[in-house]
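The values are calculated or read from the model by the stated rules, or taken from the named source; none is laboratory data. Just so it is clear, the model here is predicted, and its values are computed rather than measured. Note: ideal-geometry Cβ built from the backbone for every residue, glycine included; neighbour counts use all protein chains shown. We work out accessible area using only protein heavy atoms, side chains counted, and drop any ligands, DNA or RNA first. Shrake-Rupley method; radii C 1.70, N 1.55, O 1.52, S 1.80 Å.
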Amino acid sequence: VMVFVNRIAGVVHSCVNEFFGNPNKNIGDAFLLAWRLSGHPAKKQQKLADMAMISCTKIIAQINKSALLAEYRNHPKLVKRLPNYRVRMGFGLHSGWAIEGAIGSEFKIDASYLSPNVNMAARLEAVTKQYGCLVLISDSIIRLMSEEMSEECRMIDHVRMTGTKEPFKLYTMDLDSLALEVERTPPLLGTQISVGPGADRGGSKNTKYRLRHERQRLKNERWADDYHMHSLFSTDQDLITMRQKFTPEFFCRFNMAFLNYEAGEWTVARDMLEACRFQLATEDGPSAALLRYMKQSHYEAPPSWPGYRMLTEK
């Protein structure tokens with residue numbers, strides 16, 4: 001288990017570092033990742049929000065392409081307990097203030113963030129399963145992103161979390177991780193280098209130096225003002241492959257269905273969402289989630305329907 005989780009950590013930490021994020025906590029098989037906005041002008045904050053989103057997509061791609069992690073799909077003990085097993089990661093993206101500091105004593109100290117915004121990110125990750133999505137994004141991140149990047153995200157619900165005062169729009173980045181094939185050769189950059197027990201520590205010093213040098217060159221290139229993160233949607237093959245099945249027609253139909261749902265026209269929304277649900281090769285999770293919720297009221301919006309619903313984690 002330790003080797004398995006550390007192989008995933010190697011991918012997660014590496015991809016986050018490549019896009020100017022910082023791995024903070026490891027809580028079992030969960031990771032707290034942070035992009036610090038303070039001290040940067042608005043334009044750089046926008047770029048960091050775009051980078052956080054792209055980092056999630058690259059982690060998903062590398063996890064699904066990794067030959068090392070693919071071996072676990074045929075692990076006898078895993079297959080026996082979890083048929084058709086494969087690694088799945090969910091991401092919750094949220095933005096807000098946090099107190100950064102050291103928590104502990106002279107015996108043990110951890111660098112940590114204290115904030116309800118950190119809790120919100122964790123709660124969003126917890127409900128990815130409800131929506132059948134890999135990534136859930138709050139509207140605070142959408143407002144922070146570049147316009148081009150935010151337009152790639154799909155609004156899937158209008159919710160209020162228990163314990164919060166204001167409702168907010170919920171978005172996802174649609175990605176089909178099953179469309180990716182497992183790599184049989186290691187990547188040129190260090191995105192698959194594992195850390196901790198079980199890591200492959202082979203390789204010459206010259207090779208490691210070249211990898212570090214190339215990684216830094218890429219980071220400098222991406223940080224430049226004339227580099228647009230959105231360009232990866234047309235140049236990055238992994239991203240192109242994962243987005244291929246989501247057509248403009250599908251997005252248009254879902255958006256119309258969602259507008260009817262939000263307006264309380266649930267019968268119309270039901271018919272349109274049923275069409276969206278099976279328009280793709282696999283079931284559309286957000287369409288199924290909205291249909292499950294409306295079914296509880298027999299597809300009749302409550303008389304005092306405010307246009308949003310309470311969302312609880314399960």
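Hey, among the residues in region 86-125 that are closer than 27 Å to residue 280 by Cβ and surrounded by fewer than 15 Cβ atoms within 10 Å (Cβ to Cβ), which one's nearest to the chain's Cα centre (by Cα)? Looking at residues that are closer than 27 Å to residue 280 by Cβ and surrounded by fewer than 15 Cβ atoms within 10 Å (Cβ to Cβ), I get 88. For region 282-298, what are the residues that are in a loop (DSSP other than H, G, I, E, B), of a type in the set (Ser, Thr, Tyr) and either touching a residue at least 60 places away in the same chain (Cβ under 8 Å) or surrounded by 15 or more Cβ atoms within 10 Å (Cβ to Cβ) (or both)? Scanning region 282-298 gives a single hit, 282.
Quick grid of which residues meet (1) buried (at least 17 other Cβ atoms within 10 Å of the Cβ); (2) modelled with pLDDT of 95 or more:
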position	(1), (2)
196	no, no
218	no, no
229	yes, yes
234	no, yes
238	yes, yes
243	yes, yes
271	no, yes
277	yes, no
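All conditions but one from (1) at pLDDT 95 or above; (2) open to solvent by 40 Å² or more (accessible area, probe 1.4 Å) apply to residue 204; the one that does not is (1). Here is the figure for region 239-264: residues that are over 18 Å from residue 289 (Cβ atoms) and of a type in the set (S, T, N, Q) total 3.
Residue by residue, here is whether (1) within 21 Å of the chain's Cα centre (by Cα); (2) under 30 Å from residue 14 (Cβ atoms); (3) of a type in the set (Val, Ile, Thr) holds:
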site	(1), (2), (3)
225	no, yes, no
248	no, no, no
284	yes, no, no
300	no, no, no
307	no, no, no
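When region 22-51 is limited to residues that are within 30 Å of residue 2 (Cα to Cα) and among the hydrophobic types (A, V, I, L, M, F, W, C), the one that is most open to solvent (accessible area, probe 1.4 Å) turns out to be 27. Note on region 245-260: residues that are out of contact with any Leu (no Cβ under 6 Å at 6 or more places or on another chain), surrounded by 10 or more Cβ atoms within 10 Å (Cβ to Cβ) and over 23 Å from residue 65 (Cα atoms) amount to 11. When each of 142, 156, 137 is tested for being farther than 24 Å from residue 29 by Cβ and assigned to a strand (DSSP E or B), the lone residue that passes is 156. So in region 159-187, with the set limited to residues that are within 23 Å of residue 64 (Cα to Cα) and either outside any loop (DSSP other than H, G, I, E, B) or of a type in the set (Gly, Ala, Ser) (or both), which one is least open to solvent (accessible area, probe 1.4 Å)? Checked region 159-187; the qualifying residue least open to solvent (accessible area, probe 1.4 Å) is 172.
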